[in-house]
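Below: one structure, written as C-alpha cells.
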Amino acid sequence: MTAPITKPGAHGTLYRYAIKYRDAHDPCCPEMVWHCWAYNLDHAEEKFYGDGDEGWRIVSLARVSDAASQHRAVQHAPRSS
C-alpha cells in the first residue's frame, strides 16, 4: 500500500484529496476532478462546496497517494531533446 500525500498544517496533518464531480442537473456533463489540501474527508467536502453547491454533485472523494504522483512524474515527464 502506498502512503497518502501529506504536508504539515496549522492544526495537524493535511492530506491531498481528489474530488471527482459533475453537474447535478446535466447527465451529459463529463466528470471533472478538483484537488485540495484538507484534514479529513469532511473538511475536503466543505472546501469543495464552499458557500453553496452551485449545482455540482460529488461523484467520489479520496485521498491521493504517492503512487498517483509517481505515475505523473514517470508517465508525463517532459521529453529531453
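Just add up the charged neighbours of residue 60: K/R +1, D/E -1, any other residue whose Cβ is under 14 Å from the Cβ of residue 60. Net of charged neighbours comes to +2. Each label was represented as a point 7 Å from its Cα along the Cα-to-Cβ direction; for residue 58 and residue 40 these points are 1.3 nm apart. Ranking 25, 43 from most to least accessible surface, computed with a 1.4 Å probe over the protein chains only, gives 25, 43.
The Cβ shell under 13 Å around residue 49 holds other residues with a net charge of -4, Lys and Arg each +1, Asp and Glu each -1. Accessible area per residue for region 1-47 is 68 Å², calculated with a 1.4 Å probe on protein heavy atoms, without ligands, DNA or RNA.
Across region 42-56, coupling constants 3J(HN,Hα) worked out from phi with the 6.51/-1.76/1.60 Karplus curve, θ = phi - 60°, read 4, 5, 4, 5, 4, 5, 5, 6, x, 8, x, 7, 6, x, 8 Hz, and Gly and Pro carry x. Amide H contacts of residue 14 (H built 1.01 Å from N, in plane; Pro and chain starts excluded): 7, 9 sit under 5 Å, all sequence-distant by 5 or more or on other chains.
The values are calculated or read from the model by the stated rules, or taken from the named source; none is laboratory data. These figures come from a predicted structure and were not determined experimentally. All Cβ positions, even for glycine, are placed from backbone atoms using ideal geometry, and neighbour counts span all protein chains on display. Only protein heavy atoms, including side chains, enter the accessible area calculation; ligands, DNA and RNA are left aside. Shrake-Rupley method; radii C 1.70, N 1.55, O 1.52, S 1.80 Å.
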